[in-house]
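Worksheet: the structure to be examined is printed underneath.
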Amino acid sequence: MLKKRWNGTSAGYVTAPSTPAGRKGFLITRTTVDGDVSARSFHLGRPWHAGGDARLDPQTTVRDSTLGAAVKAAPWTDMGGFSWKASPTRP
């Protein structure tokens, strides 16, 4: 369940994975992503490259779930110069 910030505003990210290369990231499955927050105020995620480490492979998978009104129309966003669309080359 998504929650408002300490000051009562609605905004945020459901995930900000900083997944090491070769590992699995977050899996959100069989749930509803929503809460008592403003509509279209949360991203599903952003790629967190801790310390700008380009070797990280941030991953979030959402499946068999319902996205409520709180999730932005463009649910993924960039972070710190790293695109959410970027995918490192895998062997």
The farthest towards the positive end of the charge dipole of segment 12-67, of the residues Thr15, Thr31, Ala50, given +1 on Cβ of Lys and Arg and -1 on Cβ of Asp and Glu, is Ala50
If I compute P(r) over Cα pairs in 10 Å bins from 0, in percent from the structure I just sent, which labelled value in [x] 17, 45, 31, 7, 0; [y] 18, 46, 25, 10, 2; [z] 16, 48, 28, 7, 1 lines up?
[x]
Would you order Thr31, Thr77 from fewest to most other beta-carbon atoms within 10 Å of each residue's own beta-carbon?
Thr31, Thr77
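Fewest first, what order do Arg46, Arg55 take by the number of other Cβ atoms within 10 Å?
On the way: Arg46 19, Arg55 9.
Ordered from fewest to most neighbouring Cβ atoms within 10 Å, Arg46, Arg55 come out as Arg55, Arg46.
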Tally Lys/Arg at +1 and Asp/Glu at -1 over every other residue whose Cβ is under 15 Å from the Cβ of Ser10; what's the total?
+3
Going residue by residue through segment 49-66, the Karplus relation 6.51 cos²θ - 1.76 cosθ + 1.60 with θ = phi - 60° gives ³J(HN,Hα) values, rounded to whole Hz and with x marking Gly or Pro, of 9, 3, x, x, 6, 6, 6, 6, 10, x, 9, 9, 10, 10, 9, 6, 10, 10
Tell me which lysines have Cα within less than 22 Å of Lys85's Cα, excluding those fewer than 8 residues away on the same chain?
Lys24, Lys72
Pull up all non-local amide H partners of Arg40: gap of 5 or more, or a different chain, and H-to-H distance under 5 Å with H placed in the peptide plane.
Ala70, Val71
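Only the coordinates and a few stated rules stand behind these numbers; no lab work does. What you see is a predicted model; the values in this text were computed from it and never measured. Cβ sites come from the backbone with ideal geometry, for glycine too, and all protein chains shown count toward neighbours.
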